[in-house]
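The structure appears right after this line, and notes come after that.
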Amino acid sequence: MVRAGSAGVTAGPTLAVVAREAGVSVPTASKVVNGREDVAPETRRRVTEALDRLGYIRRPRFDGGRAPRLVDLVVHSLETSGAGSVLHGAEEAAHDAGLELVVSAALTRNRAERAERAERGWLDKLVLRGSSGCCSISPS
């Protein structure tokens, strides 16, 4: 797995992969990683084993005094005539502000499929990545 903007550096598994492997939800796996007490011992054991087996490395928390320099742009369609211009403008604005832009394509054909995809946790991934903000562009 390669994280965008990492110049080809291989990253370990995501928390979602660990959770799936342990048979738990991402929030439950997160509770184990963060040392929360409200997890059953058997569940904690399964998650801990999955963390070890998959080689999960906890990302450091961000320094409260220094904001992350990432902004996510979620694009729901690249079929519009202005999609390229929007992407170019967003990248230029991010660069001017000293930010890195992460583009996620949520390319789906209908609202039901978009709702299902949203439930799969793209927002959780955005939060774990430590983005400073997010902009979502949907087709008009």
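Positive contributions from Lys and Arg (+1) and negative ones from Asp and Glu (-1), summed over other residues with Cβ under 14 Å from the Cβ of Asp52, come out at +3. Using the Karplus relation 6.51 cos²θ - 1.76 cosθ + 1.60 with θ = phi - 60°, the per-residue 3J(HN,Hα) values for region 33-47 come to 4, 8, x, 5, 7, 8, 9, 4, x, 5, 5, 4, 4, 4, 5 Hz, with x marking Gly and Pro.
For Ala93 and Ser138, the FRET efficiency from 1/(1 + (r/R0)^6), where r spans their Cβ atoms and R0 equals 22 Å, is about 0.70.
Derived scalar couplings between HN and Hα for region 16-23 equal 5, 5, 4, 4, 4, 4, 8, x Hz in order, rounded to whole Hz, by the Karplus curve 6.51 cos²θ - 1.76 cosθ + 1.60 (θ = phi - 60°), x for Gly and Pro.
Scanning residues 5 or more positions from Val103 or on other chains, those with amide H under 5 Å from its amide H are Leu73, with H placed 1.01 Å from N in the peptide plane.
Computed from the coordinates by the stated procedures, all read-outs in this text should not be read as laboratory data. Model, not experiment: these values are computed from the prediction. Note that we place each Cβ from the backbone using ideal geometry, even for glycine, and neighbour counts take in every protein chain shown.
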